[in-house]
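Encoded as structure tokens, the structure appears first; notes follow it.
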Amino acid sequence: MEVCGTHTMSVFRHGLRSLLPETVDLIAGPGCPVCVTSASHIDSFISIVRQKGVRVATFGDLYRVPGFEGSLAQASACGGRVDIVYSPVDALQKAKDNPSELVVFLGIGFETTVPGVAATIQEAARNKVDNFAVFSTHKLMPPALEALFSDFSLRIDGLLCPGHVSAIIGVSAYEHLADNYSLPCVVTGFEPADILQGIIMLARQKRCCRSIVENAYPRVVTWEGNKNALEMLDSVFQVCDTSWRGFGVIPASGLAIRPEFDLYNAEKRLNIVSKEVDEPTGCRCGSILKGICTPPDCPLFAGRCTPLNPVGPCMVSSEGSCAAYYRYGTVREGKIMDHELQNG
């Protein structure tokens, strides 16, 4: 299983699946931050847009993700103020430029992006920018993997650990997975050679009946991770329970803003209560994120659900596995053929 959505896209983009023997399968995991954002949180985002005097800032991937109440794109088309930004710093600048409006940055993502959000909140506090807030739905990767592999019906022989997240939390964060579930783990980068090296290292572990954590990305990732970034994260956020699409609520898997920064906590400031909603009928995004099935197994894939008319988030996000299958593969007799194979 490649956890990270960037790994999934790189595998398809470079046609790596066509290079693998029939005895090796790659299964996408819950590593796309947009995809694992629950429908209830999407609806909460939309409720913010509908409030007067509020402006929402978000990453582009989230803009068209549907919830029960529609998408941010639809809310914007109905007159809501939604700005697409590249970083939380851009959102803070929006707040400075629009002092009469409350600018709410929608905080999604794993440990990779959280230190930057924490630094932005601290900067807002230092500069006394009181019309800026963050709705944190940030998530922690290790608890999700723990929940995933505690299901022993999941037949995964090895884990390609995410390079971006690992740059923050370090290689050591996966030791308990290797020990508790006899799961070979390799942290790898995103270039084709990186991914192939990681697969080879996992295959060697499997052949030798070993279950350890190895680092195939030492130019970026260390054993202990980025201590400065982790300290920054911990100074603004605290661990909490949170909801994941396909998983439900996973204990101690989310990050909430600490009470001393309540002024910048959009949930408390706007009194937002997220209500659980049902997933779209027929959509199998949740099962795809858990590695139970692949996108072609979904009855909506490439039919009712396409990038232009997405039903679930896995078809919208640039890191979504459904988007990868759709963009770089072709449906033929119920199977996905690599785009590279069809084009010689």
**Fill in**
Pairing a residue in region 252-273 that is closer than 22 Å to residue 47 by Cβ with any residue that is among the acidic types (Asp, Glu) and open to solvent by less than 60 Å² (accessible area, probe 1.4 Å), where Cβ atoms lie under 7 Å and the two sit 6 or more apart in sequence or on different chains, gives 268/262
**Request:** Output the residues belonging to region 224-250 that are modelled with pLDDT of 95 or more, outside any strand (DSSP E or B), surrounded by 19 or more Cβ atoms within 10 Å (Cβ to Cβ) and under 19 Å from the mean Cα position of the chain (by Cα).
**Result:** 229, 233
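Surrounded by fewer than 21 Cβ atoms within 10 Å (Cβ to Cβ) and either in contact (Cβ under 8 Å) with a residue 24 or more places away in the chain or closer than 21 Å to residue 5 by Cβ (or both): does that describe residue 204? Give the steps one after another, and end with the answer.
Details: surrounded by fewer than 21 Cβ atoms within 10 Å (Cβ to Cβ): yes; either in contact (Cβ under 8 Å) with a residue 24 or more places away in the chain or closer than 21 Å to residue 5 by Cβ (or both): no.
When the stated conditions are applied, residue 204 does not pass them.
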**Prompt:** Under the condition of being surrounded by 15 or more Cβ atoms within 10 Å (Cβ to Cβ) and modelled with pLDDT under 50, which residue from region 308-336 is nearest to the chain's Cα centre (by Cα)?
**Reply:** 336
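Could you identify the single residue in 97, 61 that is acidic (Asp, Glu) and within 20 Å of the chain's Cα centre (by Cα)? Spell out the reasoning first.
Details: 97 fails: within 20 Å of the chain's Cα centre (by Cα).
Residue meeting the stated conditions: 61.
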**Request:** Return yes or no: is residue 76 polar (S, T, N, Q), touching a strand residue (DSSP E or B) at 6+ places or on another chain (Cβ under 6 Å), open to solvent by 10 Å² or more (accessible area, probe 1.4 Å) and touching a residue at least 12 places away in the same chain (Cβ under 8 Å)?
**Result:** yes
**Asked** Just for region 102-134: of the residues that are closer than 20 Å to residue 229 by Cα and acidic (Asp, Glu), which one is surrounded by the most Cβ atoms within 10 Å (Cβ to Cβ)?
**Response** 111
**Message:** Residues that are within 30 Å of residue 262 (Cα to Cα), free of Cβ contacts under 8 Å to residues at least 40 places away in the same chain and within 20 Å of the chain's Cα centre (by Cα): does region 132-141 have at least one?
**Reply:** no
**Asked** Which of the residues that make up region 149-162 are under 22 Å from residue 244 (Cα atoms) and surrounded by fewer than 24 Cβ atoms within 10 Å (Cβ to Cβ)?
**Response** 149, 150, 151, 152, 153, 154, 155, 156
**Prompt:** What do you reckon, is residue 50 within 18 Å of residue 319 (Cβ to Cβ) and either over 23 Å from the mean Cα position of the chain (by Cα) or open to solvent by 30 Å² or more (accessible area, probe 1.4 Å) (or both)?
**Reply:** no
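The values are calculated or read from the model by the stated rules, or taken from the named source; none is laboratory data. Everything quoted here is computed from the prediction, not taken from an experiment. All Cβ positions, even for glycine, are placed from backbone atoms using ideal geometry, and neighbour counts span all protein chains on display. Remember, those area values only see protein heavy atoms, side chains included, never the ligands or the DNA or RNA. Shrake-Rupley method; radii C 1.70, N 1.55, O 1.52, S 1.80 Å.
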